[in-house]
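Heads up: the structure comes next, in structure tokens.
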Amino acid sequence: MASENRILRIKELHQSKSKSLFLRFSLGFVILSLAWAWSAGTLHESVVSKEQRGANLEKFIGKIIPDPTRESGQWIDSLPWMTNLLTEGQGIKAAGITFGIATVAITLSGFFALLLLPLSARNFGTQRPLEIIQGKHILRSMYWFVINKSSRILFLFTRSLPEYVLGFLLISILGPDPWVLVLALAIHNFGILGRLGSELVENNSNESARIMFAQGGGRYSSFVSTILPDSFNRMLVYFFYRWETCIRESTVLGMLGIVSLGYLINDAKAGRDFDRMLTFILLGALIVIIGDIISSLVRHKLRITRSE
């Protein structure tokens, strides 16, 4: 009897749930688009035959093995080659430049995004922050409307600019300088961190901030003393995630001519030295892994500190 009532209850809930025609139409459109894309003839066309692709793959796998190992068959013989690649081949120097570009870029973007969060969040950048009435002045209301929308549009605009295009334009203006890549990454990630941080502030239901506003506190003082400490762990997750992305992106941007891992990878690719190219790629991956470990340790330490 209980199971029958449960089944009837589930049916009632299913029948009473809201039905969105737009959502169903969107789902149908996505399914039809995927079916069309998969069945389109051009998707499966290739100028390279299947046999040629197999031969290219076999050749590539053979060439990513270091030269000393290919000659002797012993992996230990590649250690001097690897050491020389990291020192004389500027691998460590390029990795340090890549690390520095990514770190400075994400620090700049995080700092300036943090400054705008109290203005860009819908619940803060308004005449009535957190629904606390602070007068009914039309001009003041219009002022905060413009400030809020302008900061949100700024975040939208900067994150819509591809880093590679930004880097190319800035190099054309400023020349091949590492700060060009820093600016390109900082501008793009400023918009991303601003958007993520704004949503984090909007979804925070910290009553302490509401009390501070009710007692006459300002936006920045309420944000710094209540919202920021409460959301700091989540903001660090976003920060380190984008930092890892910056490392990968600075590797790619190095192909524009800045001496970083991307530059060395592109140089090795041009010479078809796939073993050297793979070494530099793995070196970049190692930096990302180290960054992820640092991120986990910092957030773990903060959780322990807060629990105490």
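Just so you know, all these numbers are worked out from the coordinates, no wet-lab data involved. Bear in mind the structure is a predicted one, so any value in this text is a computation, not a measurement. Backbone-built Cβ (ideal geometry, glycine too); neighbour counts: all protein chains shown.
Using 0.36 nm times the number of residues separating Val146 and Leu23, minus their current alpha carbon distance, what extension gain do you get?
Values: separation 123, 0.36 × 123 = 44.28 nm, distance 3.20 nm.
Value of the extension gain: 41.1 nm.
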Notebook entry, point to check: How far is helix 163-174 tilted off the main Cα axis of the chain, in degrees rounded to 10, range 0 to 90?
Noted result: 80 degrees
Next item on the list: Pull up the cross-link candidates among the aspartates and glutamates for Lys50, meaning alpha carbon to alpha carbon under 17 Å and not fewer than 8 places away within one chain.
Entry: Glu58
Check: Relative to the first principal axis of the alpha-carbon coordinates of the chain, what is the inclination of helix 178-202, with its axis defined by its Cα atoms, in degrees from 0 to 90 and to the nearest 10?
Finding: 30 degrees
Checklist line | Within the stretch 275-299: backbone nitrogen closer than 12 Å to the Phe232 label point (7 Å, Cα to C-beta) | finding: 299
Checklist line | Tilt relative to the chain, helix 228-253 - C-alpha long axis, 0 to 90 degrees, to 10 | finding: 30 degrees
Note to self: Per DSSP helix of 4 or more residues, -39500 (n - 2.57); summed, then divided by the residues of the chain. What does that give at 222 nm, rounded to the nearest 500?
What the structure shows: -25500 deg cm²/dmol
Notebook entry, point to check: Fewest first, what order do Lys50, Lys63 take by the number of other Cβ atoms within 10 Å?
Noted result: Lys50, Lys63
